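This report concerns only the one structure given below.
The values are calculated or read from the model by the stated rules, or taken from the named source; none is laboratory data. None of the values given here were measured: they were computed from a predicted structure. Cβ: placed from backbone, ideal geometry, glycine included. Neighbour counts: every protein chain shown.
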Amino acid sequence: MHSSIHSQPEATQLIAVGITHKTASLDIRERFAFSEAETKALLAELCDGIASEAMLVSTCNRTELYAVPKLPEVTADYLIDFLISRRAMTKEVHREHFFRTFACGAVKHFFAVASAADSMILGEAQILGQVKDAYRLAAEVGATKTTLNRLAHDAFNVAKRVKTETKFSEGAISVSYAAVELAKKIFSDLSEKNVLLIGAGETAELAAKHLIEKKARRISITNRTLAKAEALASELGTSNVLTFDYFKERLHEFDIVISAVGTIGELLSASEIERAMQKRKRATTLLLDLGVPRNIDKSAASLYNVFLKDIDDLQVIVQKNLDARRAELPKVERIIIEGVVEFERWLSSLQVAPTIRSLQEKFNAIKAMELARLKNKVSDAEYKLLEQLADRLIGKLLHFPIKSLKSPAPTDDSLEGKIALLRDLFDLDESAAAK
Amino acid sequence: MDASLYIFSIAVPLAYLGATGAYCADFFWKFEWATSIKRPALFLTAILHLVYLHLLIAQNGYPPIASVFQLMTTIAFTLLVTYLFIELSTGVIETGFFVLSVALLFQITSSWFIEDVGEASENLKHPILSLHVVSALLGYSAIAIAGIYSLLYLMLLKQIQTNRYGLLFERLPNLELFEKMSYNAVLFGFFFLTVAFIAGAIWIPKTTISLVDFKLIGTIVVWAIYGIGLLFRERLALQGKRMAVMLISGFLFAFLSMTALNLFSSRFHS
């Protein structure tokens, strides 16, 4: 038997280990994050010794190592211990904090990560970029070869399909983006609307950036600390800054008011808003109160043509969108499974390729030998005919064995069995298979 | 009724049904097939309906305005054409199901009950009367569309105000666009109703129509309300919800004064 040379190629021994938001707390995850330089150093060390290919995905929610081991003693636990030792966290972090998955499971997991199906916030947009960065880093240090190159590109394709064929990435999933989504449902062209930003903190900045993405241009900013308002204004590319004690007098000029001032409490009373509404002849006004505690008197919601929404209201939009994304998971799962099947088919073709090549070489050698014996006994025209006949015979004789080899095998064992049987039956050269 | 007219009287409501179904499937379920066939289905319906109207004119020798059910098929056609114009000019495709449902209702009623009215008055062939009727129909169609858009506005507004963000929130265009489209439709409708009034005023002395005809008074009331609304829009703060409520009320009143009462009368005006 040829079992010694029929062991599976390295590709099927793909191992994935890591910590994610599902397996470890933020405290552990943040200490396990790897910078670009650390990632490169770790991959180089792995590929110098124990792995033929490796890739590390490190984000705030996960640190995952994908590796094709060189040596049989390199197991998932071995890789986990390796990671823990490189972070010098042997006391705080244990093997239990890690997930481990192999072959098909590792492929499926990687596709799920790239498609944001494994993310804390389903369908989030950043993860694909982070996976691409991880692949780029691995490629830069030469840690990716046949298997991981193919794996990464298949993952990008799967993520692209998920984005285009499902609604998995649709809808706002942050309060500041939901605020903009709501504004788009009230006004048709944000570029024609006057926007007032009360506050210059992170929430206000984020909302303003989302508004700018949706073409809002006329943005004014007011803040208790004028310097902060001016700094944000310059970052957003606007020069409209109002002093904090003056903005109420100009409130009527604005179609959208976003208030995100923390700890200050109520800034705008219903009567102040009513006065502004009278001045603007009741033109539609959207008030987005993103402050905690709230900045705008909630009774203003009953004023004619005033839309007042606070964080809880916007959270309803976020929740609705998250539910919609969750409902898309079966479709995403189907695309991932199709990707895994495709990858496994490619992997199988790698496994059977040497046997197919040996088979063709063997038959061609026999053809050449038999034709050589007839070379001087027939005319050139007859020789050509015989050569064509031999080619047709070889093609037809090999058609079914090759087709059978290429067809998906239910298990790795049955594929190995098929390869071994064929090699045995046709007495194929073992060294060729090992190449 | 000749054979071709009979076939078209069945084919036209079926075409409306198909087009409305495609717009419905696209709006509620986003089926790919519905998205791709809905506009061709709308064009096909318009062409079939045009042929049907042509056959009616050829058979009767006058436009299909002699009975309520003839008027209904004409209204369905003007609704469809007006909607097609809106869809092509604004690119808003999400409201088709709602407008076409009303047109479908008119067309099915018309096809079901339409019958020969025999030899109609020579008056129906007069160009002033044709102008009066065509203008009135265009005006009422525009008012109907403004009413439908206002109803959609109110439904979307309700979802936003109550934080119940459902399918309408997801699929319909924004409130401001509805407000603009309704306003433009009313302007368009008011213009044609005014033309209808002028043509009617020229025509009345040549007829025996009573000046206390309820439909005439009703239409004058509708016209006056829309006129006052448009003229004093800013002063009355007729925008948002108030405008939507007014346009829906106007549409219902116009619809009742023009169609429902005619079901009990053999003539359009008494």
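Okay, here's what the table says:
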read-out: So A:Glu92, is it within 18 Å of the chain's Cα centre (by Cα), surrounded by fewer than 19 Cβ atoms within 10 Å (Cβ to Cβ) and of a type outside the set (Gly, Ala, Ser); value: no
read-out: Criterion: touching a Lys or Arg at 6+ places or on another chain (Cβ under 9 Å), assigned by TED's automatic domain parsing to the domain that holds B:Val245, crowded, with 23+ Cβ neighbours inside 10 Å and not β-branched (Val, Ile, Thr) - qualifying residue of B:Tyr140, B:Tyr153, B:Tyr183, B:Tyr149; value: B:Tyr153
read-out: A:Ile335 being modelled with pLDDT of 85 or more and in the same structural domain as A:Ala155 (by TED's automatic domain parsing); value: yes
read-out: Single match in A:Val57, A:Val68 (criterion: crowded, with 24+ Cβ neighbours inside 10 Å, farther than 21 Å from A:Arg31 by Cβ and in contact with a strand residue (DSSP E or B) (Cβ under 9 Å, 6 or more places away or on another chain)); value: A:Val68
read-out: Test result for A:Val292, within 14 Å of chain B (Cβ to nearest Cβ) and β-branched (Val, Ile, Thr); value: no
read-out: Enumeration of residues in region A:228-267 that are among the hydroxyl-bearing types (Ser, Thr, Tyr) and surrounded by 14 or more Cβ atoms within 10 Å (Cβ to Cβ); value: A:Thr238, A:Ser259
read-out: Scope region A:280-320; condition buried (at least 22 other Cβ atoms within 10 Å of the Cβ), among the polar types (S, T, N, Q) and farther than 21 Å from A:Ser188 by Cα; matching residues; value: A:Asn295
read-out: Filtered residues of region A:309-337 (kept if without any contact (Cβ under 8 Å) to a residue 40 or more places away in the chain and more than 10 Å from chain B (Cβ to nearest Cβ)); value: A:Asp310, A:Asp323, A:Ala327, A:Pro330, A:Arg334
read-out: Residue within region A:268-279 that is part of a strand (DSSP E or B), at pLDDT 90 or above, away from chain B (no Cβ under 14 Å) and surrounded by 19 or more Cβ atoms within 10 Å (Cβ to Cβ) present; value: yes
read-out: Any hit, region A:111-128, residues being in contact with a strand residue (DSSP E or B) (Cβ under 8 Å, 6 or more places away or on another chain), surrounded by fewer than 16 Cβ atoms within 10 Å (Cβ to Cβ) and touching a residue at least 12 places away in the same chain (Cβ under 8 Å); value: no
read-out: In region B:173-193, the residues that are more than 8 Å from every other protein chain (Cβ to nearest Cβ), closer than 20 Å to A:Asp255 by Cβ and touching a helix residue (DSSP H, G or I) at 6+ places or on another chain (Cβ under 7 Å); value: B:Phe178, B:Glu179, B:Met181, B:Ser182
read-out: Hits in region B:223-249 - residues which are within 15 Å of B:Asn184 (Cβ to Cβ) and more than 12 Å from chain A (Cβ to nearest Cβ); value: B:Tyr226, B:Gly229, B:Leu230, B:Leu247
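Here's the yes/no breakdown for (1) within 14 Å of another protein chain (Cβ to nearest Cβ); (2) touching a Ser or Thr at 6+ places or on another chain (Cβ under 9 Å):
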residue	(1), (2)
A:Leu151	no, yes
A:Val158	no, yes
A:Ala179	yes, no
A:Ile186	yes, yes
A:Leu197	no, yes
A:Lys215	yes, yes
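For every residue, the table says whether it meets (1) of a type in the set (A, V, I, L, M, F, W, C); (2) within 21 Å of B:Leu252 (Cβ to Cβ); (3) assigned to a loop (DSSP other than H, G, I, E, B).
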| site | (1), (2), (3) |
| --- | --- |
| B:Trp112 | yes, no, no |
| B:Ile128 | yes, no, no |
| B:His132 | no, no, no |
| B:Ile143 | yes, yes, no |
| B:Gln159 | no, no, no |
| B:Leu177 | yes, no, no |
| B:Ala185 | yes, yes, no |
